[in-house]
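Structure, as structure tokens:
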Amino acid sequence: MRQIALSSETDWDGWRQAARRLVLAGIEPAELSWSVGGASDPLPDASGSFNVSRALVSLASVAFQAREPERFGLLYSLVWRSHAGDKLLEDADDPDLLLARRMALSVRADAHRMRTNMRFLPVEDGARFLGWYAPAHFVLEANAQLIARRFPDLAFSIVTPDGAAHWNDTALRFGSGLRHAEDDEALAAWWDRHGAALLEQAAEGTSVPEAEDLDEAPRPPDLPALGPVVLRAVSDPALLRAGKDAASCQRCPLFAPATQMVFGEGSADSAVMFVGEQPGDQEDVIGRPFVGPAGQMMDRAMEEAGIDRRTVYVTNSVKHFKFVQRGKRRIHQTPEVPEIQACGGWLDLERDRVRPRLLVLMGGSAARAVMGRAVTISRERGRPIQLPDGQTAFVTVHPSYLLRLPDAASRAREYAAFVRDLQAVRAIMQAG
Ligand code: URA
């Protein structure tokens, strides 16, 4: 038996190189034993090349990420048979092919689950987003590459029991993982203690040590200071439950193409609730409201107006991202009235629970959701509007409107007007 050791569970290049040389040297699948790490017999000196159909390479590259140890040998035998002229891809009942397809299906579902269920926490004062997830298969690398390609400007770390991926706008690096993360706060505290060292270790490209177990790691005496965005309003069980229920909401068709539902967040004691339109491209992936470009614009204006985002509740009138796919880009689409109405129950629930004195309605969709009618922003912005239920509304522009303005002069003018609106919000709050 010839022993072939790969360098890691996801050593696709190593497996491909080995498979090519072994097939060319005529080594039968039954003569091979595959492993990760450990001693390896030398690969045969075989030169030349052969073609494998694109469909088989694509299937193998996905099934390769499955956690089943027998995948290396199974995929080798498919390549071996294909090289020998077997038309296996045409036989839908071929048991090896069926097994590889089942593995690939399970990998795809797991990769999707990881992207939809993982929530990112802002750490390092919001400079990095941190997510933890325990995937069923080895999907970390492929998912991290996908997220890095989609959001090259977003520094993130994804930590799993198998290892961690760190992106910092130039390189994706891999390092040690974490076996278990109890909750967001414990994860943030763990990062606070180990993050810098983990990034350094990954940058140096040292080998991946065993995952650390948070339970065994000594806890820091205090939780780290929170970044500019507060953690989800975990203090209010009803809001937390509503967020979980909303995650499976299918009240309108927007749930289907979206990555996940994005519920509001902030303290349940907030006196002010900021309402936007719907999550954008980044919010849809990260699972938190207002973390993308519009959110950064809003944060900057809030800071200039003297409003601490940690003290307000931030949400959207529609909780799923509505978009059209154009090539690789997802282009935002304004939600229709029935979609705003279908989502209204979730916003009502948030309003009931938080009971803010003031609702800051950013843009037409938020104003329509709360006031139940079409609102001309330029006519109604900048002043308190009494609502029938005793709450007060305050209409202003949506921060993404500022991002869309074509020239610097109008952007500066409109941004200043937005800050003035937020200063008025602050004055209303201070007046009690
Ligand atoms: N725009 C919104 O209305 N909400 C977000 O969360 C992000 C962008």
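Overview of results
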quantity: Any hit, the stretch 301-320, residues being within 12 Å of the ligand (Cβ to nearest atom) and farther than 30 Å from Gln423 by Cβ; calculated: yes
quantity: Scan of the stretch 254-281 for residues that are within 8 Å of the ligand (Cβ to nearest atom) and among the polar types (S, T, N, Q), ordered by number; calculated: Gln278
quantity: Candidates Gly48, Gly73 - the one that is in contact (Cβ under 8 Å) with a residue 24 or more places away in the chain and in a helix (DSSP H, G or I); calculated: Gly73
quantity: Lone qualifier among Arg119, Arg193, Arg179 - being under 22 Å from Gly295 (Cβ atoms), surrounded by fewer than 21 Cβ atoms within 10 Å (Cβ to Cβ) and modelled with pLDDT under 90; calculated: Arg119
quantity: Qualifying residue in the stretch 352-364 (condition: touching a strand residue (DSSP E or B) at 6+ places or on another chain (Cβ under 7 Å), over 26 Å from Ile286 (Cβ atoms) and not basic (Lys, Arg)); calculated: yes
quantity: Conditions (1) part of a helix (DSSP H, G or I); (2) within 23 Å of Ser61 (Cα to Cα); (3) not hydroxyl-bearing (Ser, Thr, Tyr); number of the one not met by Leu187; calculated: (2)
quantity: Total residues in the stretch 315-327, condition touching a helix residue (DSSP H, G or I) at 6+ places or on another chain (Cβ under 8 Å) and either free of Cβ contacts under 8 Å to residues at least 12 places away in the same chain or more than 14 Å from Arg251 (Cβ to Cβ) (or both); calculated: 4
quantity: Any strands (runs of 3 or more DSSP E) falling wholly within the stretch 310-384 and containing at least 2 residues that are surrounded by fewer than 17 Cβ atoms within 10 Å (Cβ to Cβ); calculated: 323-326, 329-332
quantity: Scope the stretch 282-300; condition near the ligand (Cβ under 7 Å from one of its atoms) and not in a loop (DSSP other than H, G, I, E, B); matching residues; calculated: Glu283, Ala294, Gly295
quantity: Among (1) in a loop (DSSP other than H, G, I, E, B); (2) at pLDDT 95 or above - the single one Gly390 does not satisfy; calculated: (2)
quantity: Selection status of Leu403, in a helix (DSSP H, G or I), within 16 Å of the ligand (Cβ to nearest atom) and buried (at least 19 other Cβ atoms within 10 Å of the Cβ); calculated: no
quantity: Single condition Arg67 does not satisfy, out of (1) assigned to a helix (DSSP H, G or I); (2) surrounded by fewer than 19 Cβ atoms within 10 Å (Cβ to Cβ); calculated: (1)
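The values are calculated or read from the model by the stated rules, or taken from the named source; none is laboratory data. Model, not experiment: these values are computed from the prediction. Ideal geometry is used to build each Cβ from the backbone, glycine not excepted, and the neighbour counts take in all protein chains shown.
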